[in-house]
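The values are calculated or read from the model by the stated rules, or taken from the named source; none is laboratory data. Please read these numbers as outputs of a predicted model, since none were measured by experiment. Note that each Cβ is placed from the backbone with ideal geometry, even for glycine, and that neighbours are counted across all protein chains shown.
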There are 2 protein chains.
Amino acid sequence: MTSSQPPRQLSPRDREILRDVIVAYILSAEPVSSRSVSKQGRLGLSAATIRNVMADLEEWGYLAQPHTSAGRVPTRAAYHLFIESLMQARRLPARERRYIDESLQSSPADAGQIMESATKLLSELSHQVGIVVTPALGETVLKAIDFLPLSGRRVLCVVVSGDGFVDNKVIESEEELPREELVRIGNYLTENFAGATLREIRARLLALMAEERAQMDQLLARSIELARAGLSLEQRQGVLLDGTREVLNQPELADIGRVRRLFETFADKARLVALLSQCLRGNGVRVVIGDDSALTSELDFSLVATGYGVGERPLGALAIFGPSRMEYERVIPLVDYLGERLSRALAESFAGEART
Amino acid sequence: MTSSQPPRQLSPRDREILRDVIVAYILSAEPVSSRSVSKQGRLGLSAATIRNVMADLEEWGYLAQPHTSAGRVPTRAAYHLFIESLMQARRLPARERRYIDESLQSSPADAGQIMESATKLLSELSHQVGIVVTPALGETVLKAIDFLPLSGRRVLCVVVSGDGFVDNKVIESEEELPREELVRIGNYLTENFAGATLREIRARLLALMAEERAQMDQLLARSIELARAGLSLEQRQGVLLDGTREVLNQPELADIGRVRRLFETFADKARLVALLSQCLRGNGVRVVIGDDSALTSELDFSLVATGYGVGERPLGALAIFGPSRMEYERVIPLVDYLGERLSRALAESFAGEART
DNA sequence: CCTTAGCACTCTCCCGTCGTGAGTGCTAAG
DNA sequence: CTTAGCACTCACGACGGGAGAGTGCTAAGG
């Protein structure tokens, strides 16, 4: 019935008006009237003219009215068009770039801390929720492994990945081992397996076990035992979230039902990871709006995401999550820049000396 | 004008009625009418009689009416009385005790993971927000310290506390050190300083430096350098929170203003720590209701808290945070039991073999 | 043919009114 | 001291009308 006319090439003026409507709506969060667009004066057209165009735009499916006598609101299609060709993605202001750089390379830090900083930066600079998916440890390359005696047969296993991630885990050995022995085991494993992914290492250990079952010396036997326990880090890709508090001030969250659904969305980390993982490959920023995905559907929320990684190897993803009515002009460059910088920071922490 | 009569000893019947009102309110979250108390039939009194008593209780300051023609609602004083002498703190059901025990001593874990489990248990079993304050690392006793080479001059410092807490930190040494040297340094420091608190160690290192400035050998010099960097862990007492989602379902959070204030409260971790730290000393559960404290004032929220620690040494605090209308009969035993079990779990992780 | 002024129309939103029902306080009888 | 009865109060929801914002349409003007 509505939107009969299939969307076609918009005239430049239509585009200008659509753009103005979207920008106004992003600022005000309220339906935009023809009059307000006209009064803004950028185009020198009367409200009536604007009105005609807006009626067209509604027919093409770019605008919608909450009710007859209200202004108009952009649709998902409008946001997509806006992002693709209407907005001018201004570069991130120098101040913010500097701020990001400083925050990211402040004092020596492990990759985990860098991730936390990144999450905080995302939310701080966008006033939305910042999300970072940390790498799945199984895919990560071993740099060093080390064991420390705790009490009794308990041993602390410290794993350092090539990208600077550190994880530790308490394991229980079959017999009590003295510190020196643990050091030897650590050395042995580090020397033999550094550079392989944890997944590969596990496979090689199994092969070793099968092969030399008879003639294994004690060091090897113990090494295998401890390594299997210590490297069985769950595949947990972590999800870091920050800025939930900021986003509560958004007018779209004036209704508590929505707040609840939002938090349920956050609670379901698995789904978050699944969605964001799709943004891993392919460089550049991806934007998921409204019910492009079940995740953001009912909330009218959007996700601006990109991947990060070292070299060609994708490691994880980062994103901003907020109302569809979002300052894409600011937020997209932010995600873009931060993704790049995060990758750089990890590469440095990997390469060591590559500091600028 | 109101509450003219100073509160005196309540008659047994008054107490029974007050108790019923509180219990009913805790369940329903709605003002309790005389009729509903009467109909419940536990006392066999008519609504009118109940009404008289309730009028008295209001005068003594135990009940309040939101408006003239509404039922009555307990005041802070009522909750305090309830907790002290009206309620029967039933023991935690065996099922829940078992669940806690299992969750807390599942597979070898470091103290940090235990803390996380505890936080989750608190919120899960109470449907409120669970809070755990982790120990200030400065007060903690060193068990072992270890260094791992990263890239270049970067070194990963792993500190294990006597209570099973593990922390790592990336530091930068003055010169690049090989793995063996780092192991030697770690051994040296562990042997000489295990058992002292980090604070003491820092003091002793300073003394050492001053004293032997001239004749320091290289090992000592390097040890001092690395230890100073590695042990300068910020005094950060962590705050773990869980269950924010659950608490959103409470009817008291139907208003978003409150939700916001709640999250602001959570964001101000420093104040949370300060308040909870008061619950460290003195064993037993402490309850802070409504505006006994600025923190919970406007929200009409309460805090049920207790401390945990190993032996005589208090380490941190744990608490449940939720609407004043809270199932104290369930929640207080829960906090009590969990505090005890958490202390036990840490003691075991310390003592090593003390497992049941 | 495009633009614009004018105007009627349609909604939502805001208020004030009113009826209803829950709950109370008081009084008088048991 | 308890309880039934009754009048009173007050929040809540429904109803209704007026105001204002915004639209769509039409007809005049460049």
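Remarks
- Any chance A:Ala319 is more than 14 Å from chain B (Cβ to nearest Cβ), modelled with pLDDT of 95 or more and within 27 Å of A:Asp255 (Cβ to Cβ): yes
- Pairs where the first residue, in the range A:226-240, is modelled with pLDDT of 85 or more and the second is hydroxyl-bearing (Ser, Thr, Tyr) and not in a loop (DSSP other than H, G, I, E, B), C-beta under 8 Å, 6+ apart: A:Leu240/A:Thr119
- Test: A:Ala48 is assigned to a helix (DSSP H, G or I) and more than 27 Å from A:Val288 (Cα to Cα): yes
- So A:Ala70, is it modelled with pLDDT of 95 or more, within 28 Å of A:Ile289 (Cα to Cα) and within 16 Å of DNA strand D (Cβ to nearest atom): no
- Residues in the range A:223-246 that are more than 10 Å from chain B (Cβ to nearest Cβ) and assigned to a helix (DSSP H, G or I): 8 in all.
- With respect to (1) farther than 30 Å from B:Arg344 by Cα; (2) touching a residue at least 40 places away in the same chain (Cβ under 8 Å), the lone exception for B:Leu43 is condition (2).
- Some residue of the range B:173-182 being in contact with a strand residue (DSSP E or B) (Cβ under 9 Å, 6 or more places away or on another chain), within 28 Å of B:Pro314 (Cα to Cα) and of a type in the set (Asp, Glu): no
- Scanning the range B:132-142 for residues that are crowded, with 22+ Cβ neighbours inside 10 Å and modelled with pLDDT under 90 returns B:Pro135, B:Thr140.
- Residue in the range B:89-108 that is free of Cβ contacts under 8 Å to residues at least 60 places away in the same chain and within 14 Å of DNA strand D (Cβ to nearest atom) present: no
- Figure legend. Inter-residue proximity from the range B:144-173: first residues within 15 Å of A:Asn168 (Cβ to Cβ), second residues modelled with pLDDT of 90 or more and in a loop (DSSP other than H, G, I, E, B), beta-carbon distance below 9 Å, spacing 6+ or different chains. Indicated pairs: B:Ala144/B:Ala194; B:Ile145/B:Ala194; B:Phe147/B:Ser173; B:Phe147/B:Leu177; B:Phe165/B:Thr134.
- The set of residues in the range B:175-204 that are in a helix (DSSP H, G or I), more than 11 Å from chain A (Cβ to nearest Cβ) and touching a residue at least 24 places away in the same chain (Cβ under 8 Å) comprises B:Glu181, B:Ile185, B:Tyr188, B:Leu189, B:Phe193, B:Leu198, B:Arg199, B:Ile201, B:Arg202.
- Within the range B:256-282, tally of residues that are modelled with pLDDT of 85 or more and outside any helix (DSSP H, G or I): 1
- Strands (runs of 3 or more DSSP E) within the range B:70-174 that include 3 or more residues facing another protein chain (nearest Cβ under 9 Å) and within 27 Å of A:Ala194 (Cβ to Cβ): B:142-149, B:154-161, B:166-172
- Close pairs (6 angstrom Cβ cut-off, 6 or more residues apart or separate chains): at pLDDT 95 or above and hydrophobic (A, V, I, L, M, F, W, C) in the range B:11-27, within 16 Å of DNA strand C (Cβ to nearest atom) and not in a helix (DSSP H, G or I) anywhere: B:Leu18/B:Tyr62; B:Val21/B:Val32; B:Ile22/B:Pro74; B:Ala24/B:Val32
- Test result for A:Gly152, on the phi > 0 side of the Ramachandran plot and buried (at least 20 other Cβ atoms within 10 Å of the Cβ): no
- Condition met for A:Val37 (more than 14 Å from chain B (Cβ to nearest Cβ), out of contact with any His (no Cβ under 6 Å at 6 or more places or on another chain), β-branched (Val, Ile, Thr) and near DNA strand D (Cβ under 9 Å from one of its atoms)): yes
- Test: residue in the range A:8-22 that is near DNA strand D (Cβ under 10 Å from one of its atoms) and either within 14 Å of another protein chain (Cβ to nearest Cβ) or not in a helix (DSSP H, G or I) (or both): no
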